[in-house]
1. Taking R0 as 51 Å, what's the FRET efficiency between residue 304 and residue 367 from their Cβ-Cβ distance, rounded to 0.05?
2. Quick check for me: using +1 on Lys/Arg Cβ and -1 on Asp/Glu Cβ, what's the dipole size of the chain about its Cα centre, in debye to the nearest 20?
3. Using 0.36 nm per residue, how much length does the chain from residue 197 to residue 72 gain when fully extended, once their Cα-Cα distance is taken away?
4. What distance in nm separates the two pseudo spin-label positions at residue 276 and residue 451, each 7 Å out from Cα along the beta-carbon direction?
5. Working out 0.36 nm times the residue gap between residue 234 and residue 220, then minus their Cα-Cα distance, what length gain in nm do you get to one decimal?
6. Can you pull the percent of the chain's accessible area that's carbon plus sulfur, 1.4 Å probe, other chains left in place?
7. Gain in length, residue 61 to residue 293, computed as 0.36 nm per residue apart minus the alpha-carbon separation, to one decimal in nm?
8. Go through 408-415, 428-435 and give me the packing order, highest mean Cβ count within 10 Å leading.
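The values are calculated or read from the model by the stated rules, or taken from the named source; none is laboratory data. Worth saying up front: this structure is predicted, and the values here are computed from it rather than measured. Note that we place each Cβ from the backbone using ideal geometry, even for glycine, and neighbour counts take in every protein chain shown. To get the accessible areas, we keep the full protein, side chains included, count just its heavy atoms, and leave off ligands, DNA and RNA. Shrake-Rupley method; radii C 1.70, N 1.55, O 1.52, S 1.80 Å.
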Amino acid sequence: MKKKLYFIFPLIIIVIALIAAGVYLYIKRIDDNWQSKLSKKIESYQEVVEDSSSSFESVDAANDWLISWANSKDISYTKYGNNVLVMARKSSEEFKSQPTTILFCDYDTDNPSGSVRSIAIAMAILKSNIEFGELKVIFAADKDRNFNSINNIPSEEIGDNSSIFVLSSGNKQMYSLMTGGSKAYSIDKQCAFEERKKDVAIKISVNKAPGGVPDTKISNYPNGVILIGNFLAKLQSDAINFELASFNGGKSSSLYPSSAEAVVVVNKDDVERITTKLESLKENFADKYQDDYEDVTLDYEQLQDLPEKVINKSDSSKLLSLIYTMINGIYYKDDEGEVIAISSINMVNTGSESIHIKMNTSSLSSAKLSEMEQNISTLAGLSEFNLSNTNTVPIWSKSKVSDFAISLKEYYKRSNSDELEFVNSVPSQSTSALSSRFKTHNILSITSTEDSLTEDGKFIMTYLLGDTKIL
């Protein structure tokens, strides 16, 4: 009898192990299937939103497109004013006790492609066939990153214990519990125009740069305003005479320019010398930017139609000198080499007998923001430009050891089998305005790249599922 038990007992253990392994493989297959489906859904919605990105060039068109999508998917929504749309998905019965999760997607009509990733994630999760707690997605129209639309959101839409994930796009994946403060500036000067004296007009242009929010990779961005401005300032210092007829580029103080162009008028005798320098500029431009920015171009051409007027020499010289000397790029790194402060010149316009420059600074340090403002004020004054601060966003930060932060780490590890490292975002985000308006503590800023899009979506879904085993 004992011998039989000796044989039966190991057999029972083997059977239990096989059953356990089978259950594990079944669960794992379901898990993999869930993640695969969500990834495909995110990628699909990314294509849909990209194809419709022109709808986000105006608030009315964006509202129409979003509402049309919500109606077609039987998703409830509420509109507040003209610039806030809240879509909602009710909690499944077993998740009733969980607090609301909110995905916050702000979009800028001057940067319609900049919100594609966040909208794709939000739509994919809204239409997921997996059950979870109450979910709201807030679409907020933004202008020049002032985040004023947040003031139109009623407090009851946020609640007391909600968790808010602020979704944005960038060149670096970041999960942030600290986002930078920023200051936007307008730098202006009246200018005089005079009769043209020279006889060959040349247009220099940079086109098809991607735009977007200035970030820590600012030194590698093909900023047409800076490239053209510095080229003309160098011509000026080399005593090559030209008249500046116009110089325009960019739309916003807080977004990289996607294009810029200047028209100069020169003597026939100087055309060859200037075009030789322009060819060298084109070659250097291609060497530096072509690999990372395949579509961006720098070109020049002689114009058949000559401008009648050009900017007074004194005013154009001050404009080019200011752009050349103004801080643009990484302003400060800490002892560990981490970028703390950046500054970006994002717009220039020379129409209507005045010169306008717009720029933005961002930093994780209030002291550096003040320091940059002092430098900008000094340089503007030396060139006889007037400086005004048009928008300020405060620095925002939350504890990395709070219960919320600890839970984020746990869900991230469950989602990605890796440790979550919080990375401070130098660019400002809507986190500051949301925290101030609603006094909520559970806010996380997620910056998605092209490569991290599906990973970020899986993390949010894992958080929504809480402690539920899937799944």
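1. Approximately 0.45, to the nearest 0.05.
2. 1820
3. Full extension from residue 197 to residue 72 adds 38.8 nm.
4. 4.3
5. Once the chain is fully extended between residue 234 and residue 220, it gains 3.0 nm.
6. 47
7. Extra length from residue 61 to residue 293 when fully extended: 80.6 nm.
8. Highest-to-lowest ranking by the protection proxy: 428-435, 408-415.
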